[in-house]
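Structure record follows, encoded as structure tokens.
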Amino acid sequence: MQSMRIEIVTDEEALATRAADIVCDLVAANPKAVLGLPTGATPVGAYFELKLRSDSGRADFSGVTAFAIDEFSGARRGDAGTNSAFFRQHLRLPLRAIHVPNPAAENADEHIRAYAAAIRRAGGLELCLLGIGANGHIAFNEPGAGRDSRARLVILTQETREQHAPAFSSIARVPARGVTLGIADLLEARALLVLASGAQKAGAVGRAIEGEATDNVPASWLREHGDVTWLLDEAAASALGERARLAAT
Ligand code: PGA
């Protein structure tokens with residue numbers, strides 16, 4: 001666990017502030033940073049905090065390029081529930097550019113491979129933020145995704161589709177498939193910052209950090225990265241054993 005940092009903060013609000021601190025420090029040092037960004041409830045507070053700092057002139061994102069790490073497949077860009085709709089609503093930052101895979105791409109597999117190649121051409125991700133699913137998924141790498149998996153079209157689990165049903169207004173409207181960067185693509189980012197908040201994530205966080213590295217818990221492969229930070233609130237950290245807690249800051 002030498003290359004893994006675990007930071008435990010009190011609650012969701014502290015998590016948003018700390019995540020924003022980490023992103024702002026990186027952008028101050030590298031104003032043209034290329035970031036990988038997740039959707040989900042977890043990063044919303046951090047994205048809002050970044051907007052406050054941008055609006056008040058405390059941070060400048062005008063040189064930053066962002067790439068979404070996944071998207072649904074089989075929807076129109078901007079449809080309610082898609083990741084492009086999420087970013088329009090929650091990431092209100094004057095970035096240089098934000099890229100999101102096209103959910104309507106006809107050849108989705110080819111599209112997401114070209115998207116991953118575009119990230120490499122942009123110099124790769126300086127920092128990739130990640131959420132974690134209660135089933136241990138990371139981006140749309142559902143259980144079964146291997147350490148060497150690459151950008152591809154995937155079938156979403158029922159659990160993941162249920163998680164997104166409210167945003168699409170019903171489970172029937174949630175696409176059955178998604179496109180995602182693979183685990184190997186995510187591990188190529190120079191740094192990873194995994195955010196988790198709430199007791200419903202405690203089991204997945206515990207398995208990812210302390211369980212065996214396995215395709216059944218895709219997030220467990222993140223331990224192979226040389227610079228990964230797990231930023232957790234107390235509830236999400238509650239299943240960690242003493243050893244991990246002692247190592248935490
Ligand atoms: P959440 O989703 O932030 O909405 O909990 C995280 C994820 O499923 O990756």
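The values are calculated or read from the model by the stated rules, or taken from the named source; none is laboratory data. Values in this document were obtained by computation on a predicted structure and should not be read as measured data. When we count neighbours, we look across all protein chains shown, and the Cβ atoms used for this are built from the backbone with ideal geometry, even at glycine. The protein model used for the area step is the full one, side chains on, heavy atoms only, and it has no ligands, DNA or RNA in it. Shrake-Rupley method; radii C 1.70, N 1.55, O 1.52, S 1.80 Å.
Put +1 on the Cβ of each Lys and Arg and -1 on the Cβ of each Asp and Glu in the chain; which of N216, N30, L240 then has its Cα farthest toward the positive end of the dipole? It is N30. This model, with +1 at the C-beta of Lys and Arg and -1 at the C-beta of Asp and Glu, gives region 141-216 a dipole about its Cα centre of some 280 debye.
Taking all protein chains into account, the per residue accessible area for region 1-132 stands at 47 Å² (1.4 Å probe).
If I compute solvent accessible area with a 1.4 Å probe over the protein chains, what percent of it on region 168-249 is carbon and sulfur? If you can, show how the numbers build up before the last one.
On the way: 1550 of 3230 Å².
Carbon plus sulfur share of accessible area: 48 percent.
Taking G74, G203, G57 as the candidate residues, the one with maximal mean-square fluctuation in a Gaussian network model of the chain, Cα springs under 10 Å, is G57. Both numbers refer to the Cα atoms of region 116-215; Rg and Dmax are 14.2, 39 Å. For the pair R245 and N107, a Förster radius of 41 Å applied to the C-beta separation gives a FRET efficiency near 0.30, rounded to the nearest 0.05.
When DSSP beta bridges are restricted to pairs lying wholly in the chain, around 25% turn out antiparallel.
Of M4, F61, G81, whose Cα points farthest to the positive end of the dipole of region 1-85 (charges on the beta-carbon: +1 Lys, Arg; -1 Asp, Glu; origin at the Cα centre)? Result: F61.
Take region 170-249 with all the other protein chains still there, run a 1.4 Å probe, and you get 39 Å² of accessible area per residue. Our estimate of slack between A114 and A191, defined as 0.36 nm per intervening residue step minus the Cα-Cα distance, is 25.5 nm.
Of all DSSP beta bridges confined to region 94-202, the antiparallel ones make up roughly 55%. Surface composition of region 29-86: carbon plus sulfur atoms contribute 55% of the solvent-accessible area (1.4 Å probe, protein chains only, all chains present). Which listed residue (A165, L130, A116) has the Cα farthest towards the positive end of the charge dipole for region 110-168, taking +1 on Lys and Arg C-beta and -1 on Asp and Glu C-beta about the Cα centre? The Cα lying farthest towards the positive end belongs to A116.
Summarising the overall dimensions of region 29-130 from its C-alpha atoms, the Rg and Dmax are 13.7, 42 angstrom. Over all pairs of different C-alpha atoms in the chain, the reciprocal of the mean inverse distance, the Kirkwood hydrodynamic radius, equals 18.0 Å. Note that region 191-249 carries a Kirkwood radius of 11.5 Å, evaluated over its alpha carbons pair by pair.
Where both residues lie in region 148-249, what percent of DSSP beta bridges are antiparallel, nearest 5?
Percentage antiparallel, nearest 5: 45.
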